[in-house]
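Please read the structure below before turning to the comments.
Read-outs throughout are calculated quantities, based only on the coordinates presented, and are distinct from any laboratory measurement. Note that the structure is a prediction, hence the values are computed from the model and not measured. We place every Cβ from the backbone using ideal geometry, glycine too, and count neighbours over all the protein chains shown.
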Amino acid sequence: MKTLLINPTYFDPIRYPPANLAYLASGLRAAGEEVAIIDVNIGPRCVDAIRAFSPDVVGFPMMSFSEPTVAKFVKKVKKVAGAKVVVGGPHVSIMQEDVLASHPEIDFAVIGEGEKALPELCAALRGKRALGSVRGLAYREGGSVLKTALREYNIRLDELPFPAWDLLDVRRYDFLPVVDSRGCPYRCNYCCVKDAQGRAWRPRSAENIVDEIQWDIRQFGVRRFYIDGDNLLVDAGRILKICDGIRRRDLRIRWVATQGVRADLATGEVLSAMRGAGCEAVGFGIESGDEEVLQGIHKGETLAEISSAVKMARDRGFYVTGCFMVGNVGETMSSVKKSIAFMKTLRLDAIYVNSVVPYPKTDLWEWAKSHAIGFREDRAFFPATLQAGDVEPAFETREFPRDERIRAYRLFLREAFWTQVRHHFPRRALFGILLKGLKERLAKLAYRVSGKDPRERVLKRCDLWRENP
Ligand code: B12
Ligand code: SF4
């Protein structure tokens, strides 16, 4: 059985290799299945490749924000290949059988991890087992959507084969991801990882991670990596061992941990070890500069912990990034001003500001359903999370009405921009910030005029996306 995996999620200008699909492909290969991957970010000529491979099954990953994009791709793929279509990924694990109910053109939905479920589905399609025996599967039968027993999040990550990067042209990407763990025990109100990957933190061993990095260097000549996991530092002993392994094996890599680093877990010892092992950038999800808001969103961190972690990282020469949110539970214009004031004290190298979006089934989503005014469950606002333009807030509250939310968001963006300019002046990075600011402004203008995400141009380059492929 031939399975083709297609990455429909578009990025611009950085290219992130699809770790999800590389893992799925290695799972399929381990089960003796034939598999190929197409990334629409890389290969604009997909139609010929699909016809040449002639797949029996085509798989797409689906996030909440990419649901409409995937739905459109599925229709086109059906025209070109006529294969069975299966979707998986965070949005599917969260919405489960609802995904099939909303998209008649999709045949199967895999809920949870796919490395074992996908080969089992292929076996079922070959008639070797019953569909009903594949755990974590939603499928159609006699006009209704059925769901099998859920699959537990219990894959032992060290036992998985390394991601099948050989199926992608790795030279076309900026770096390779290393998925260090799955699942998260924390309870941030806006986060869906508990449903997407499970509540328990499942780490890979330090040795297994360093083996993978060494294998990537030997096989593909790659020396730039990023940590693609949610919680790198939960076990301080493990991260120290990872750094020690990188140094002892003399791997000479450059890597970044711009996500997955919690400020409350970032000790001086851990940060020094990371820096010594070639880590150049760390990023903190700061979210708010108001202690009460931090508590309200169950971040489990204090402003003092954040300040201290950022300072320790700066002192060790990291490029330090920080992400903030505007409009969370309990937020008002005055708390946003506190966030701005806090942001200015941190001397961050790069600052990202997002207008809050309640993703399905998160605590924030549940809260918004009962407390917020004008909460739109239709998810049509998801493209807004891509920072493409001035964001229409997903909801408003009496204490923080819509117009004020927009004003606060714009104010934060402006202050973040000038804070970065002042911070980098007169260093070379200043040029990059100014260029980024200019590009963002043009993108916003295009967004406002056309109502379309300008970064769709990545999709438009792809022949499968264009009408009548
Ligand atoms: C790395 C990462 C990124 C990276 C790169 C993403 C990439 N494509 O490689 C960057 C930094 C660019 C990024 C950006 C964003 N991200 Co992000 N990201 C992640 C993160 C931390 C890890 C994803 C990953 O690679 N996991 C490792 C793989 C192996 O696991 P997996 O994806 O779950 O895949 C498994 C299963 O889901 C399943 N599966 C997946 N796909 C498929 C397909 C098929 C056919 C099958 C059968 C099974 C299957 O099998 C896989 C193997 O077991 C997740 C958090 C998380 N833990 O999932 C957030 C996450 C996916 N991101 C999220 C968001 C919101 C964003 C942004 C919108 C943030 C923002 N405000 O800008 C942007 C969107 C950018 C864009 N254009 O897509 C949300 C999505 C929520 C949702 N409901 O959809 C998540 C879940 C974070 C969260 N806590 O809420 N992200
Ligand atoms: S935001 Fe990060 S720390 Fe918080 S629950 Fe999600 S994955 Fe865990």
Original post:
Where the centroid of each part is defined by its Cα atoms, how far is the stretch 261-334 from the stretch 172-251 in Å?
Top reply: 19 Å
**OP:** Pairs of Cα atoms under 8 Å, at least six residues apart: use those to get the relative contact order of the stretch 178-424, whole percent.
**Re:** 16 percent
Subject >> Förster-model FRET efficiency, 41 Å R0, Q219 and R414, C-beta, rounded to 0.05 >> reply: 0.35
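Starting from the Cα gyration tensor of the stretch 164-278, take the square roots of the eigenvalues, sort them a ≥ b ≥ c, and report rounded, prolate or oblate (rounded when a/c is under 1.5, otherwise prolate if a/b is larger than b/c, else oblate).
Since a/c reaches 1.5 but b/c is at least a/b, the shape of the stretch 164-278 is classed as oblate.
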Subject >> Per the chain, cysteines lacking a partner by the 4.7 Å Cβ criterion >> reply: C46, C122, C184, C192, C243, C279, C323, C462
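With only Lys, Arg, Asp and Glu charged, each at its Cβ (+1 for the first two, -1 for the last two), find how big the charge dipole of the chain is about the Cα centre; round to the nearest 20 debye.
Details: 72 positive and 60 negative charges, 265 e Å.
So the magnitude is around 1280 debye.
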Subject >> Residue-count net charge about V47 - beta-carbon cut-off 10 Å; Lys, Arg +1, Asp, Glu -1 >> reply: +3
**OP:** Show the residues, 5+ positions off or on another chain, whose built amide H is closer than 5 Å to the amide H of V35.
**Re:** T3
**OP:** Would you kindly derive the ³J(HN,Hα) couplings of the stretch 17-29 from the backbone phi angles with the Karplus curve 6.51 cos²θ - 1.76 cosθ + 1.60 (θ = phi - 60°), listing them in order in whole Hz, with x for Gly and Pro?
**Re:** x, x, 4, 4, 6, 5, 5, 4, 5, 5, x, 5, 5
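Mean 1/r over all different Cα pairs, inverted: what Kirkwood radius does the chain give, in Å?
Working: mean 1/r = 0.0427 Å⁻¹.
After inverting the pairwise mean of 1/r, the radius is 23.4 Å.
Expressed as a rounded percentage, what relative contact order does the stretch 51-96 have, with Cα pairs under 8 Å and six or more residues apart?
Details: 46 pairs, mean separation 24.3, N = 46.
53 percent.
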Original post:
Under a 5 Å amide H to amide H cut-off, with H placed in plane at 1.01 Å, what residues pair with E287 once short-range neighbours are removed?
Top reply: C323, F324, M325
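Please say if the stretch 2-154 is rounded, prolate or oblate, where rounded means a/c under 1.5 for a ≥ b ≥ c the square roots of the C-alpha gyration tensor eigenvalues, and otherwise the choice is prolate for a/b larger than b/c and oblate otherwise?
On the way: a/c = 1.41, a/b = 1.31, b/c = 1.07.
Rounded is the answer for the stretch 2-154, as its axis ratio a/c remains below 1.5.
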Subject >> Cα-based helix-to-principal-axis angle, 333-346 vs the chain, degrees rounded to 10 >> reply: 80 degrees
**OP:** Tabulate in residue order the Karplus-calculated ³J(HN,Hα) for the stretch 225-240, using 6.51 cos²θ - 1.76 cosθ + 1.60 with θ = phi - 60°, rounded to whole Hz; enter x for Gly and Pro.
**Re:** 9, 9, 7, 10, x, 9, 8, 6, 9, 3, 10, 4, x, 5, 5, 5
**OP:** List the trypsin sites (Lys or Arg not before Pro) within the stretch 35-81 that fall in a DSSP loop (any state other than H, G, I, E or B) and whose Cβ has at most 12 other Cβ atoms within 10 Å.
**Re:** R45
Original post:
How much length is gained on full extension from K72 to R398, taking 0.36 nm per residue of separation minus their Cα-Cα distance?
Top reply: 113.6 nm
Original post:
Where in the stretch 173-190 does the label zone of S370 land, with the point 7 angstrom along Cα→C-beta and an amide N cut-off under 20 Å?
Top reply: 187-190
**OP:** Return the long-range amide H neighbours of W255 (sequence gap of 5 or more, or a different chain), with a cut-off of under 5 Å between placed amide H atoms.
**Re:** F225, C279, E280
Original post:
What length, rounded to one decimal in nm, is gained on full extension from L430 through to E159, with 0.36 nm per residue of separation minus their alpha-carbon distance?
Top reply: 93.1 nm
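Evaluate the relative contact order of the chain (contact order divided by residue number), counting alpha-carbon pairs under 8 angstrom at least 6 apart; express in whole percent. It would help to have the intermediate numbers written out before the result.
Numbers: 863 pairs, mean separation 62.5, N = 469.
Taking the mean separation of contacting Cα pairs over the length of the chain, I get 13 percent.
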